[in-house]
Amino acid sequence: MDFSIVIGYISLLLVFGSIIAKIGEKINIPDIPLLLIFGLIVGPFTGIISPIHAQNIFAFVANVGLIIILFVGAFEMRWIVLKRVLKTVLKLDTIALVLSLFISGLIFNLVFNIPYNNPVGYLYGAVNSATDPATLIPIFSKSDIDPEIAVTLEAESVFNDPLGIVTTTLGLSVLCLSEKVNPILDFLALAFGGALLGYVGGRIFEATVLAGEFEEYIAPFSVGMALALWYFGEVIFSKITGYELSGFMAVAIMGLYIGNVLTKYPTKSREVEKIAEFCTDLSTVVRILIFVFLGASMSLPLLQKFGALGLLCAIGSVFIARPIGVLVATSIPPIRPIKERIYFALEGPRGVVPAALAATIYSAIMGNPHVIPSYISQYIPPETIAGSILVVTFMTIFISVVIEASWANILAEKLLK
């Protein structure tokens, strides 16, 4: 792709995306739904941006953007608050996630009229099991919602990516599209290995910063460390051992460690402020690009073919699967107040990770349709599997982000005040 085209696209989207976001702020509408709609307009609806170009750029922007958003979100998360809600976070990231996965998968199979035990639906459920910090962190940063509520949902979204990735990999192996055969080791490597990598990275960061005065260079050093941790976990470690460490988990843990440790050193208070200011501004830039390119990356023919069925699956996942999973999981003692549990159930937007996983699945299936086992393809052809999961995932992201970003503060006023 010509780099000049990329520069032109980015300039267009940053200028008009910023204007649209500011208009939304003026009329008290969250910017994320507006950015998604703008992406649809300049992408599949008008063709100003080629969906192929948008998909290629999104693959890069989504990863870099999520690294920055995770880092700054965890950096500003106080450990003293996280400890109070940790049990709830664990229940949301395990029981609620698995229940949501299976119910979403069952709904998908029913909507597409394939056997209830067909693995395709549960692959969709796995892809959409992870909630989105890129949506939640900006929302809560601009609201006065109880910090315990905000941290619970932010931490859930930060730490549920590894299980979503592992379950998706397991689903791909059933479709003969992945060589991973030990999901338990995959999960342990992703989650706990990623957490350990993040802790080590945090200690290295702390020792380096305490050894000298970085001053105005502290912010780029922080971003560079976050990117380096992600690259080591996702690429270098994988090449050496065959197992991936979750780079996103590592970035989150490093951000959490740095944000809670550096504040203990009075001489580093100004550097802490510089990190927060720089990364917050940078996260605004990447958030605009992430959601506009996400909207622009959709294919109009696929939207027309699977849009209606995708809408049904999305509604089922957002308003049936997620609430049931959350309410069942949080019914296990210690039980938080029912109004808080309802808020958790109705505030779980999907976003960057599901979008990236769905795009990966689409490419894998379209490049190797012949490997899909006949007991699966006799009910749903490979091309339909690829296109349906891509579109249904987009519809799930779109519905959950538009609705849940828009009502986050309203719902908090009704339930939590």
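Quick note: the coordinates plus some simple rules give every number you see, no bench work behind them. Owing to the predicted nature of the structure, the values given are computational and were not obtained by experimental measurement. Cβ coordinates were reconstructed from backbone atoms using ideal geometry, including for glycine residues, and neighbour counts include every protein chain displayed.
Of note:
- Working note: Cα gyration tensor of region 101-167, eigenvalues times five, square-rooted, sorted largest first, giving semi-axes of 31, 12, 8 Å.
- Tilt relative to the chain, helix 247-261 - C-alpha long axis, 0 to 90 degrees, to 10: 20
- 10 Å Cβ shell holding at most 15 others, DSSP loop, GluC sites (Glu not before Pro): longest site-free stretch of the chain: 214-417
- The string of couplings for region 299-308 from the Karplus curve (6.51, -1.76, 1.60, θ = phi - 60°) is 9, 5, x, 5, 4, 5, 6, 10, x, 5 Hz, one whole number per residue in order, with x for Gly and Pro.
- In degrees, nearest ten, helix 194-210 long axis to first principal axis of the chain (Cα): 20
- Principal semi-axes in Å for region 3-416 [√(5λ), Cα gyration tensor, largest first]: 32, 24, 23
- From phi via Karplus (6.51, -1.76, 1.60), per-residue ³J(HN,Hα) for region 400-415 in Hz, x at Gly/Pro: 5, 5, 4, 6, 6, 6, 6, 9, 3, 6, 4, 5, 5, 4, 6, 9
- FRET efficiency estimate (nearest 0.05) - Cβ-Cβ, ILE240 to GLU216, R0 41 angstrom: 0.70
- Loop-located trypsin sites (Lys or Arg not before Pro) in region 43-121, at most 16 other Cβ atoms within 10 Å (DSSP): ARG78
- Under 5 Å, built H, 5+ apart or other chain: amide partners of SER178: SER173
- Net length available on complete extension from ALA207 to ILE410 is 68.7 nm, with 0.36 nm assigned per residue and the Cα-Cα distance removed.
- With a Förster radius of 25 Å applied to the beta-carbon distance between TYR231 and PHE192, the computed FRET efficiency rounds to 0.80.
- Per-residue Karplus couplings for region 364-371, computed as 6.51 cos²θ - 1.76 cosθ + 1.60 with θ equal to phi - 60°, are listed in order as 5, 6, 5, x, 9, x, 6, 7 Hz, Gly and Pro entered as x.
- Estimated purely from DSSP H runs of n ≥ 4, each contributing -39500 (n - 2.57), the mean residue ellipticity at 222 nm for the chain is -24000 deg cm²/dmol once divided by its residues.
- Rg and Dmax over the alpha-carbon atoms of region 180-308 stand at 18.5, 59 Å.
- Counting only alpha carbon atoms, the long axis of helix 161-174 and the longest principal axis of the chain meet at about 30°.
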